[in-house]
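Notes follow once the structure below has been shown.
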């Protein structure tokens, strides 16, 4: 079993990875490497789930990727802001090209009690873009929180509601928890707690160009757009894998040619080993038999 191959690799290196899951056409294999909670924070793997909620809307023509965030947010913005924000679109946020030069607020690192407000939206718009939107890549949690808020205002549905209604039931997800801001909106960028068995299902969906269990959940056009515009789904060097990682070593990966998806939760803060590369090479070697 490929899950056991990964587990043996993890144990041999003494990495603090809790659970692994592997999905192939034969189904899902899981292996536990460390005792941990059943559901864990995937940190920035949440961003691809937020993108997938947007995919549902985009496929139905319910949202325009080139709409400015300020337009989508409407009267949620009841405060003064730099007019440069009016040039920042949903597409810019999804591709981390809003024009900001720093993260502004990283809820996994910063003490949110110290920012002086419970209104994250007001706080984030307090920093203006410094580059022309669409020109400079700057990875940030801010982008997907703004996507979360924009989707909620524009559609009347929060991203967790969209995922629970349109994605999770058709992928047999177990209960999922969403970390929210003080106003009750999912952070979008981080803070999704789920089992590793469920985490592996999203890369499998993208590997299969939007189809899961014979049912189309998102369009192939969206998957192609995600890959082309790098909406949190990126090639992993020359390995053949695509993936999305998260803080402290979380990861979900897919290899289309080998028809393998992999995911794991853990806490690898400070680990300097090339654990991603080592695990991917071990999987390819085992798959090649």
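The values are calculated or read from the model by the stated rules, or taken from the named source; none is laboratory data. Computed from a predicted model, the values in this text were never measured in an experiment. Reconstructed Cβ throughout: ideal geometry from the backbone, glycine too, with neighbour counts over all protein chains shown.
Between residues in the stretch 1-25 that are without any contact (Cβ under 8 Å) to a residue 24 or more places away in the chain and residues that are surrounded by fewer than 23 Cβ atoms within 10 Å (Cβ to Cβ), which pairs lie under 7 Å by C-beta distance while being six or more apart or on different chains?
So the pair list comes out as 11/33.
Just need a number here: residues in the stretch 190-200 that are surrounded by fewer than 24 Cβ atoms within 10 Å (Cβ to Cβ) and either at pLDDT below 95 or part of a helix (DSSP H, G or I) (or both).
Residues in the stretch 190-200 being surrounded by fewer than 24 Cβ atoms within 10 Å (Cβ to Cβ) and either at pLDDT below 95 or part of a helix (DSSP H, G or I) (or both): 2 in total.
Being under 21 Å from the mean Cα position of the chain (by Cα) and farther than 21 Å from residue 44 by Cα is the filter here; which residues of the stretch 135-153 pass it?
Scanning the stretch 135-153 gives a single hit, 153.
When you go through 29, 62 one by one, which is the residue that is at pLDDT 95 or above, buried (at least 17 other Cβ atoms within 10 Å of the Cβ) and not in a helix (DSSP H, G or I)?
Going through 29, 62 in turn, just one is at pLDDT 95 or above, buried (at least 17 other Cβ atoms within 10 Å of the Cβ) and not in a helix (DSSP H, G or I): 29.
Results for (1) in a helix (DSSP H, G or I); (2) modelled with pLDDT under 95; (3) touching a strand residue (DSSP E or B) at 6+ places or on another chain (Cβ under 6 Å), shown as yes or no for each residue.
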{"site": "113", "(1), (2), (3)": "yes, yes, no"}
{"site": "117", "(1), (2), (3)": "no, yes, no"}
{"site": "122", "(1), (2), (3)": "yes, no, no"}
{"site": "127", "(1), (2), (3)": "no, yes, no"}
{"site": "135", "(1), (2), (3)": "no, no, no"}
{"site": "147", "(1), (2), (3)": "yes, no, no"}
{"site": "151", "(1), (2), (3)": "yes, no, no"}
{"site": "165", "(1), (2), (3)": "yes, no, no"}
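Please report, ordered by residue number, the strands (runs of 3 or more DSSP E) entirely within the stretch 204-289 with at least 3 residues that are out of contact with any helix residue (DSSP H, G or I) (no Cβ under 7 Å at 6 or more places or on another chain) and in the same structural domain as residue 140 (by TED's automatic domain parsing).
So the answer is none; nothing clears 3.
If I ask for residues that are within 20 Å of the chain's Cα centre (by Cα), surrounded by fewer than 16 Cβ atoms within 10 Å (Cβ to Cβ) and under 14 Å from residue 203 (Cα atoms), which ones from the stretch 241-289 would you list?
The one that is within 20 Å of the chain's Cα centre (by Cα), surrounded by fewer than 16 Cβ atoms within 10 Å (Cβ to Cβ) and under 14 Å from residue 203 (Cα atoms): 256.
Against the conditions (1) without any contact (Cβ under 8 Å) to a residue 40 or more places away in the chain; (2) part of a loop (DSSP other than H, G, I, E, B); (3) under 20 Å from residue 53 (Cα atoms), where does residue 102 fall short? Just the number, please.
For residue 102, the exception is condition (3).
Could you list, in sequence order, the residues of the stretch 173-189 that are in contact with a helix residue (DSSP H, G or I) (Cβ under 8 Å, 6 or more places away or on another chain) and either on the phi > 0 side of the Ramachandran plot or outside any loop (DSSP other than H, G, I, E, B) (or both)?
178, 186, 188
Provide a single number: the residues in the stretch 201-240 that are buried (at least 20 other Cβ atoms within 10 Å of the Cβ) and within 21 Å of residue 108 (Cβ to Cβ).
Residues in the stretch 201-240 being buried (at least 20 other Cβ atoms within 10 Å of the Cβ) and within 21 Å of residue 108 (Cβ to Cβ): 4 in total.
Return the pairs, sorted by first residue and then second, in which the second residue is at pLDDT 95 or above and surrounded by fewer than 14 Cβ atoms within 10 Å (Cβ to Cβ), the first residue lies in the stretch 109-137 and is farther than 20 Å from residue 188 by Cβ, the beta carbons are less than 7 Å apart, and the residues are 6+ apart or on different chains.
128/82
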